Amino acid sequence: MPLIGITQCRKLEDYRQSVLHVGGEVRLLDPSSDLDASMQALDGLMLTGGGDVDPAIYGETPHPTFSPAEAGRDEQEIMLVKLARDRQIPILAICRGIQVLNVACGGTLVQDIPSQVTGALPHRLEVPPHQAMELAHEVWIDKESQLSRIMRERLVDDACDVNSRHHQAVGRVAPGFIVVATAPDGIVEAIEDPAARFCLGVQWHPENFFRTGEFRPLFEGFLEAASRK
């Protein structure tokens, strides 16, 4: 079974279960561990949700809404991305994860969607845990993308409905990556590196659906890539 490293966050269980339900093994990545040694044992890397990436990393001053992640987390996860990319290890990045992935590879972020994007949809639905699967809007997926190929049987007219709990998003896309999904208001909802075996980030929270399976193919595709040496 492929071993998937999952970055630490405050709500880990759904991420763990999403990997376990498709036949993977999980290792929670301790921020104090030797990251290089940890990465050598892994078959895949999952970047999880959480607080905002420090805008100083991509050359901007913080917006008044800036809400930092746990101390040291930005540095750890950026290093993990670089190590995984160097070793061509599959990456699945979720919510904050897509933002870390983009910044680590040279992109920027929209720091606050409500105040910086005219006409934006509500993207930050604050819901209790039992409503984590509440759908917010649809996303439109590029039919030529890896994401579309993986999710094809779950899509209707190259679109699907997603949940949403974020106030930031991908801004300038990192070199080598392409946008493969957007919300109707133009907010980036997924990016991928077409040159990689599997390097994909999504802005919504597919892990919340592990019981019902709406996004099971996404995790299956990730695990399939992680199984190939």
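The values are calculated or read from the model by the stated rules, or taken from the named source; none is laboratory data. A quick note: this is a predicted structure, and the numbers were derived from the prediction, not measured. No Cβ is skipped: glycine too gets one built from the backbone with ideal geometry, and neighbour counts run over all protein chains shown. Keep in mind that these areas ignore ligands, DNA and RNA; they rest on the heavy atoms of the full protein, side chains included. Shrake-Rupley method; radii C 1.70, N 1.55, O 1.52, S 1.80 Å.
The lone criterion from (1) more than 30 Å from Gln116 (Cβ to Cβ); (2) open to solvent by less than 10 Å² (accessible area, probe 1.4 Å) left unmet by Glu220 is number (2). When Arg228, Arg197 are checked against the criterion of being open to solvent by 30 Å² or more (accessible area, probe 1.4 Å), more than 30 Å from Pro128 (Cα to Cα) and in contact with a helix residue (DSSP H, G or I) (Cβ under 7 Å, 6 or more places away or on another chain), a single residue qualifies: Arg197.
Scanning region 138-164 for residues that are open to solvent by less than 60 Å² (accessible area, probe 1.4 Å) and part of a strand (DSSP E or B) yields a count of 5. Go through (1) in a strand (DSSP E or B); (2) free of Cβ contacts under 8 Å to residues at least 12 places away in the same chain for Gly213 and report which single condition fails. Checking Gly213 against (1) in a strand (DSSP E or B); (2) free of Cβ contacts under 8 Å to residues at least 12 places away in the same chain, the one that fails is (1).
Across region 109-132, the number of residues qualifying as among the hydrophobic types (A, V, I, L, M, F, W, C) and either free of Cβ contacts under 8 Å to residues at least 60 places away in the same chain or part of a helix (DSSP H, G or I) (or both) comes to 3.
Within region 65-82, one or more residues are farther than 22 Å from Asp34 by Cα, outside any helix (DSSP H, G or I), in contact (Cβ under 8 Å) with a residue 40 or more places away in the chain and in contact with a helix residue (DSSP H, G or I) (Cβ under 9 Å, 6 or more places away or on another chain).
The residues in region 63-102 that are of a type in the set (A, V, I, L, M) and buried (at least 21 other Cβ atoms within 10 Å of the Cβ) can be counted, and the count is 11. Leu135 passes all but one of (1) without any contact (Cβ under 8 Å) to a residue 40 or more places away in the chain; (2) not basic (Lys, Arg); (3) not in a loop (DSSP other than H, G, I, E, B); which number fails? It fails just one condition, (3).
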